[in-house]
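K.L.:
Dumping the structure here so I can ask a few things about it.
The values are calculated or read from the model by the stated rules, or taken from the named source; none is laboratory data. Owing to the predicted nature of the structure, the values given are computational and were not obtained by experimental measurement. FYI the Cβ positions are ideal-geometry reconstructions off the backbone, even for glycines, and counts take in every protein chain you see. In case anyone asks, the SASA skips ligands and DNA or RNA and just uses the protein heavy atoms, side chains included. Shrake-Rupley method; radii C 1.70, N 1.55, O 1.52, S 1.80 Å.
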Amino acid sequence: MRTHFPLLALPLLAAAAHAAPPRDIALTHVTVIDMTGAPPRPDMTVVLTGEKIAALGPSKKLRPPKGAQVVDATGKYLVPGFWDMHAHPDDPELWPVKPRDEEKELLLPLLIAHGVTGIRDMGGDLKLLQSWRQRITAGTLTGPRIVACGPLLDGPNPMWPGSVGIANEEEARRAVRDLKSQGADFIKVYSLLPRAAYFAIADEAKKVGLPFAGHVPDAVTPAEASDAGQASEEHLLQLVEEASDRDAVRAQLKALRDAGASPIERRRAFIDLTLSTYNPDKAQALYARFAKNKTWHTPTVVVWYNNAHFEEDKAKYEERLPYLPRYIREYWDPKNNAHLQNRSPERLAAEKRLVAKYLEVVGGLQRAGVRLMTGSDFGANPLLFPGWGVHDELELLVRAGLKPEEALIAATRHPAEFLGLGDRLGTIAPGKLADLILLDADPLADIRNTQRIAAVFYGGKMLDQAGRRAVFDKARTAAEATGK
């Protein structure tokens, strides 16, 4: 895909029906990190009028408008709002536990409190997501901008509830047309799609003017998906395998399955053989193909890392859990969740080796000029937290070799450009929407400083420290109530 999501600009950027703020906001003496690649600009004044950035200039020259609310931001840093480009606030995997819509909504304000002002929803109830978007625009629900695909397009026996099962090309084309008529912003492809159906989706999506993104199906290679025009590939799926001896890996897995090996034994064998046959030259050729085709990647390294390091980071997770509704806490309980069971030292050692390779791959993609985006995959997957997850992913991107600015671009400018919204979002400039985060410390010096949030600006509103505390307090109280 060369121009992504061209139809989103009008519905996403329509004027919100929030009550007009009582006055302009002027941030004075702030250091602006605008995400254009320019050096940070210290001692600046940024004037916000409603939802937009009205003016920006040196504090010694630009005076706050008369009557403006002046925020002395001396020693603070201003960056664009972050995007979570792989999110599941209404995850179909959780539908069997029957959470109420009101419980799901509790996740949305947590995103804003963490500076996540936009999400790309990668699978959920399209009508519910569209209703959330309308309420957020109307100011009756606190939450981020939402781009949504609706149901996943999967094979004839789908993996998750709510998916559209597809067995052939005719069904594939009809599913794309149906989602177009329902107002889906893009098409998401999933792992079990038959090969012919996948390419029919690619062709039909192009015809109707919808991008398609998602998993690289098992029957397709990452290179083939890139050549077919898949807008983004998620989770690094099959990248390490394609750079290894793919045929040998799949043959061994089949032999193990036929011999009755357990899923854990097959998983360990997959990791061991994939890593032992990994070829850096094949990987570099694949990265070059992605760069040539302009195929974006959402690594979601945090998915793999959090699962492999659960024991070490358990205290961090326990600090966050009280803010999540009961249905998620119970689903994530190790007693109930298969991902957190049968965690032998041998298995965990293998998983950690794979995570290390994924970090190496992310660094290679960046150096090859492949565009990356932040995504957390929060929803049903255990230990992936709404809002927190983007900051966790930023840390991992830097660990993978990205400079802090490059990681921040993956959370700001790149998502906006991918969605065709670069003229309105993703960087800081007069006339752009004021989706912004004010930080207490320099994120270019230490990416962990993205977590030191002084205020978030969204939808013409400012959520200051007191407002953020109120969001967390309300989330915790509501979460406790769902457990009764």
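K.L.:
Take residues that are open to solvent by 30 Å² or more (accessible area, probe 1.4 Å) and tell me which of the helices (runs of 4 or more DSSP H) falling wholly in the stretch 209-316 contain 2 or more.
P.N.:
Numbers: elements: 222-227, 239-242, 246-258, 263-276, 280-293, 301-308.
Output list reads 222-227, 246-258, 263-276, 280-293, 301-308.
K.L.:
Quick one: K316 ticks every box in (1) out of contact with any strand residue (DSSP E or B) (no Cβ under 7 Å at 6 or more places or on another chain); (2) within 23 Å of D84 (Cα to Cα); (3) in contact (Cβ under 8 Å) with a residue 12 or more places away in the chain except a single one, so which number is it?
P.N.:
Unmet for K316, out of (1) out of contact with any strand residue (DSSP E or B) (no Cβ under 7 Å at 6 or more places or on another chain); (2) within 23 Å of D84 (Cα to Cα); (3) in contact (Cβ under 8 Å) with a residue 12 or more places away in the chain: (3).
K.L.:
Just need a number here: residues in the stretch 261-283 that are closer than 18 Å to L354 by Cα and either in contact with a strand residue (DSSP E or B) (Cβ under 8 Å, 6 or more places away or on another chain) or not β-branched (V, I, T) (or both).
P.N.:
At the first step, the residues of the stretch 261-283 found to be closer than 18 Å to L354 by Cα are 263-280, 282-283.
Those still in the list that are either in contact with a strand residue (DSSP E or B) (Cβ under 8 Å, 6 or more places away or on another chain) or not β-branched (V, I, T) (or both) too: 263, 265-270, 272-273, 275-276, 278-280, 282-283.
Number of matching residues: 16.
K.L.:
Now for a separate question. If the requirement is being over 26 Å from L141 (Cβ atoms) and out of contact with any Gly (no Cβ under 7 Å at 6 or more places or on another chain), which of these qualifies: L419, L444, L463, L438? Break it down into steps so the answer makes sense when it comes.
P.N.:
Numbers: L419 fails: over 26 Å from L141 (Cβ atoms); L463 fails: over 26 Å from L141 (Cβ atoms); L438 fails: over 26 Å from L141 (Cβ atoms).
Among L419, L444, L463, L438, only L444 is over 26 Å from L141 (Cβ atoms) and out of contact with any Gly (no Cβ under 7 Å at 6 or more places or on another chain).
K.L.:
Looking for something in contact with a strand residue (DSSP E or B) (Cβ under 6 Å, 6 or more places away or on another chain) and either closer than 27 Å to A410 by Cβ or free of Cβ contacts under 8 Å to residues at least 12 places away in the same chain (or both) - is there at least one such residue anywhere in the stretch 94-110? Give the derivation first.
P.N.:
Just the residues of the stretch 94-110 that are in contact with a strand residue (DSSP E or B) (Cβ under 6 Å, 6 or more places away or on another chain), to begin with: none.
There is no residue in the stretch 94-110 that is in contact with a strand residue (DSSP E or B) (Cβ under 6 Å, 6 or more places away or on another chain) and either closer than 27 Å to A410 by Cβ or free of Cβ contacts under 8 Å to residues at least 12 places away in the same chain (or both).
K.L.:
Something else about it: Check A475, A479 and return the single one that is within 30 Å of Y331 (Cα to Cα), surrounded by 16 or more Cβ atoms within 10 Å (Cβ to Cβ) and more than 23 Å from the chain's Cα centre (by Cα).
P.N.:
A479
K.L.:
Being of a type in the set (A, V, I, L, M) and surrounded by fewer than 18 Cβ atoms within 10 Å (Cβ to Cβ) is the filter here, so list the residues in the stretch 130-141 that pass it.
P.N.:
A138, L141 - these are the residues of the stretch 130-141 that are of a type in the set (A, V, I, L, M) and surrounded by fewer than 18 Cβ atoms within 10 Å (Cβ to Cβ).
K.L.:
If you go through the stretch 365-381 one residue at a time, do you hit one that is free of Cβ contacts under 8 Å to residues at least 60 places away in the same chain, among the aliphatic types (A, V, I, L, M) and surrounded by 19 or more Cβ atoms within 10 Å (Cβ to Cβ)?
P.N.:
Scanning the stretch 365-381, I find no residue that is free of Cβ contacts under 8 Å to residues at least 60 places away in the same chain, among the aliphatic types (A, V, I, L, M) and surrounded by 19 or more Cβ atoms within 10 Å (Cβ to Cβ), so the answer is no.
K.L.:
Which condition breaks for A350 when tested against (1) under 23 Å from the mean Cα position of the chain (by Cα); (2) surrounded by 16 or more Cβ atoms within 10 Å (Cβ to Cβ)?
P.N.:
Of the numbered conditions (1) under 23 Å from the mean Cα position of the chain (by Cα); (2) surrounded by 16 or more Cβ atoms within 10 Å (Cβ to Cβ), the odd one out for A350 is (1).
K.L.:
Next up: Are any residues in the stretch 42-63 farther than 25 Å from G139 by Cβ and either touching a Cys at 6+ places or on another chain (Cβ under 6 Å) or part of a loop (DSSP other than H, G, I, E, B) (or both), and if so, which ones?
P.N.:
Listed by number, the residues that qualify are S59, K60, K61, L62, R63.
K.L.:
Name the residue that is modelled with the lowest pLDDT, counting only residues in the stretch 274-315 that are under 28 Å from H339 (Cβ atoms) and of a type in the set (D, E, K, R).
P.N.:
K314
K.L.:
Given (1) touching a residue at least 60 places away in the same chain (Cβ under 8 Å); (2) closer than 19 Å to V240 by Cβ; (3) of a type outside the set (S, T, N, Q), identify the lone condition not met by P325.
P.N.:
Condition (2) is where P325 drops out.
K.L.:
Restricting attention to the stretch 119-129, does a residue exist that is buried (at least 23 other Cβ atoms within 10 Å of the Cβ), among the small types (G, A, S) and farther than 18 Å from K461 by Cα?
P.N.:
yes
K.L.:
Restricting to the stretch 415-428, and then to whatever is out of contact with any Leu (no Cβ under 7 Å at 6 or more places or on another chain) and open to solvent by less than 50 Å² (accessible area, probe 1.4 Å), can you tell me which residue is nearest to I146 (Cα to Cα)?
P.N.:
Among them, the one singled out is P415.
K.L.:
Another question, if that's okay. Tell me, which residue of the stretch 142-200 that is open to solvent by 40 Å² or more (accessible area, probe 1.4 Å) and among the acidic types (D, E) is nearest to G379 (Cα to Cα)?
P.N.:
Filtering the stretch 142-200 for residues that are open to solvent by 40 Å² or more (accessible area, probe 1.4 Å) and among the acidic types (D, E), the one nearest to G379 (Cα to Cα) comes out as D178.
K.L.:
On to the next question. Anything in the stretch 360-406 that is under 18 Å from A416 (Cβ atoms) and of a type in the set (D, E, K, R)? List them, or say none.
P.N.:
Scanning the stretch 360-406 gives R371, E393, E405, E406.
K.L.:
Exactly one of these conditions fails for H86: (1) part of a strand (DSSP E or B); (2) open to solvent by 20 Å² or more (accessible area, probe 1.4 Å); (3) farther than 19 Å from F457 by Cα. Give me its number.
P.N.:
Only one criterion in (1) part of a strand (DSSP E or B); (2) open to solvent by 20 Å² or more (accessible area, probe 1.4 Å); (3) farther than 19 Å from F457 by Cα is unmet by H86, namely (2).
K.L.:
Same structure, new question: Could you look through the stretch 29-65, keep only residues that are open to solvent by 20 Å² or more (accessible area, probe 1.4 Å) and of a type in the set (D, E), and pick out the one that is modelled with the lowest pLDDT?
P.N.:
Among those that are open to solvent by 20 Å² or more (accessible area, probe 1.4 Å) and of a type in the set (D, E), it is E51.
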